[in-house]
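Peer 1: Take a look at the following structure, please.
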Amino acid sequence: MIEAETRQTRFARHTGGWVLGGTFAGYCLLPALRYAEPWTVGLGGLLMGWGIIALYEQAVTVDDPKKRHIAPAFLPIAMGAMFLFIGVGGALFSGFHAERACYKIQQELIDGTPAEVKAGRELPNAADRFQALGCHYQSSRPYSPLMIFEDSKPAPAAQR
């Protein structure tokens, strides 16, 4: 009984840092998650949760060390991390392009340019599009701090 409690304590100590780090990362990525593909992020979280439960079952509840099979628990954790990485990466990419579109609409509002006409129909006015996309005021042209997206270099000071 004492060994089971120490295994449980050891498991909690090793995974507690990862849970705390994941919670902090999730909190910091909340603004980008509105652009994420919900099924990708949900499937990633489900697989990671399933893997952590399997890891707990094997590491803590199995008494015989020869019957502990921890390696198969890492497969759903790895797949879940992959799905989360794809989902959050796509959200960052989509969010960057949405910010660029919002900046263009903002420039239309400031400059007073008329709405574009595409395929014989007029787009809604810039104020309606700005509100519908959930845009916010931007003081300069958005750029990616990672510089991995095309045309993501910051604008020269004269164009800001």
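Every number here is computed from the coordinates shown, using simple stated rules; none is lab data. Because the structure is a prediction, the values reported are computed rather than measured. Quick reminder, even Gly has a Cβ in these numbers, built from the backbone with ideal geometry, and neighbours come from all protein chains shown.
Peer 1: Can you compute the modelled spin-label distance between D111 and A132, with each label point 7 Å from Cα toward Cβ, in nm?
Peer 2: Output for this residue pair reads 2.1 nm.
Peer 1: Points 7 angstrom from Cα along the Cβ direction at T23 and H97: gap in nanometres?
Peer 2: Label at T23, label at H97, 3.5 nm between them.
Peer 1: Let's test the formula: R0 of 25 Å, r as the Cβ-Cβ distance of H14 and K66. What FRET efficiency results, to the nearest 0.05? Present the calculation step by step, with values, prior to reporting the outcome.
Peer 2: Working: r = 21 Å, r/R0 = 0.85.
E between H14 and K66, to the nearest 0.05, is 0.75.
Peer 1: Could you give the length gained on full extension between A81 and E37, defined as 0.36 nm per residue of separation minus the Cα-Cα distance, in nm?
Peer 2: In short, 14.4 nm is gained.
Peer 1: Scan around R68 for amide H atoms under 5 Å from its own, H built in the peptide plane at 1.01 Å from N, and keep only partners 5 or more places away or cross-chain.
Peer 2: The answer is none.
Peer 1: Return, for the Cα atoms of the range 1-106, the radius of gyration and Dmax in Å, separated by a comma.
Peer 2: Reported Rg and Dmax, both Å: 18.4, 66.
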